[in-house]
Structures are given as C-alpha cells and as structure tokens.
Amino acid sequence: MALPAETRRVCSVRRFLSHLLNSWGVIESDRDTAGLIVSELAGNAALHGGAQMTVRVSLSARLLRIDVVDTGPATSPPPSRAEDSADEHGRGLGIVDHLAEWIDIQAEPDSWRSSAGLRVSSTTQMRSAPQAA
C-alpha cells in the first residue's frame, strides 16, 4: 500500500492491515497488536519522513512482517524520550519494541525503513499468505 505520508492516512493503513489479517485468518487480539504496531510505524513515517510512505505486509509460518518505508532524505531519527518524561510524544518505537518479536530501523539513501515482526495465531489452519503491498 503506497500513500501520502500524512498523519491522517494512518487510520487507512491500520484498517487495510486489519482487513488483510482478517482475510488471512489471524485472531483478533493479534490483529489488534499488529494494528498498533503499524499505526506507530506509519505515524512515525508521516511525522518524520518524506512525502510518501509504503506499507508492505507478509505472513509466513505464523511470522507477520510489517515494513513501512518513507521516502525523503535520510536524517537522524527523532530522539527517544525518557520513560518518566511527561511528554506524550516519542514513545512509539518503545511501544513497538515491547509488542513485536523484533524491530529494525534502517536509514537508506533517500528513505527510512522501519520493520517489525510478530508471531500470530489463527482461527483456521494458517498457511503462508501472499505478500501484500
């Protein structure tokens, strides 16, 4: 899914992911967790990235992979906030790190790639799902 990197688009990304995971038979609690992860990654791309963001999702052997790429010049990532800080911003990657099995943030020449992996369960016999973009 490619769309403008705007904060108002984050709900569209979350809805896209929820429908996709539902069609793949992923249980609701895992869909909710994945939705929070993609919301945080897409929100960061919208706030700190370039003009476009691309969300790619794949599922293989119960491992869900979420990639969010924002196009624009690679600058330093936003500084992390202290956990006891009163500021409500700057906690997104900490949330993702807590929820995901793994997280990886990579600077590329003209973009940032934020990736996270999550083990998921299904209500039906889960099989590898095709990659969605």
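The values are calculated or read from the model by the stated rules, or taken from the named source; none is laboratory data. The structure presented is a predicted model; accordingly, all values stated were derived computationally and were not measured. Reconstructed Cβ throughout: ideal geometry from the backbone, glycine too, with neighbour counts over all protein chains shown. With ligands, DNA and RNA removed, areas are computed over all heavy atoms of the protein, side chains included. Shrake-Rupley method; radii C 1.70, N 1.55, O 1.52, S 1.80 Å.
I need the full set of residues from segment 32-55 which are in contact (Cβ under 8 Å) with a residue 60 or more places away in the chain and open to solvent by 10 Å² or more (accessible area, probe 1.4 Å), in order please. Matches in segment 32-55: Thr33, Leu36, Asn44, His48, Gly49, Gly50, Thr54. Here Ser58 fulfils each of the conditions (1) over 20 Å from Pro4 (Cα atoms); (2) surrounded by 12 or more Cβ atoms within 10 Å (Cβ to Cβ); (3) modelled with pLDDT under 95 apart from (3).
Go through segment 1-30 and give me each residue that's in a helix (DSSP H, G or I) and either in contact (Cβ under 8 Å) with a residue 40 or more places away in the chain or of a type in the set (Gly, Ala, Ser) (or both).
Those that are in a helix (DSSP H, G or I) and either in contact (Cβ under 8 Å) with a residue 40 or more places away in the chain or of a type in the set (Gly, Ala, Ser) (or both): Thr7, Arg9, Ser12, Val13, Leu17, Ser18, Leu20, Leu21, Ser23, Ser29, Asp30.
Residue count for segment 12-31 under the criterion of being within 17 Å of Thr54 (Cβ to Cβ) and open to solvent by 50 Å² or more (accessible area, probe 1.4 Å): the result is 3.
Within segment 96-121, restricting attention to residues that are in contact (Cβ under 8 Å) with a residue 12 or more places away in the chain and part of a helix (DSSP H, G or I), the residue that is least open to solvent (accessible area, probe 1.4 Å) is Val96. If you go through segment 49-67 and pick out every residue that is within 27 Å of Pro109 (Cβ to Cβ) and in a strand (DSSP E or B), you end up with 10.
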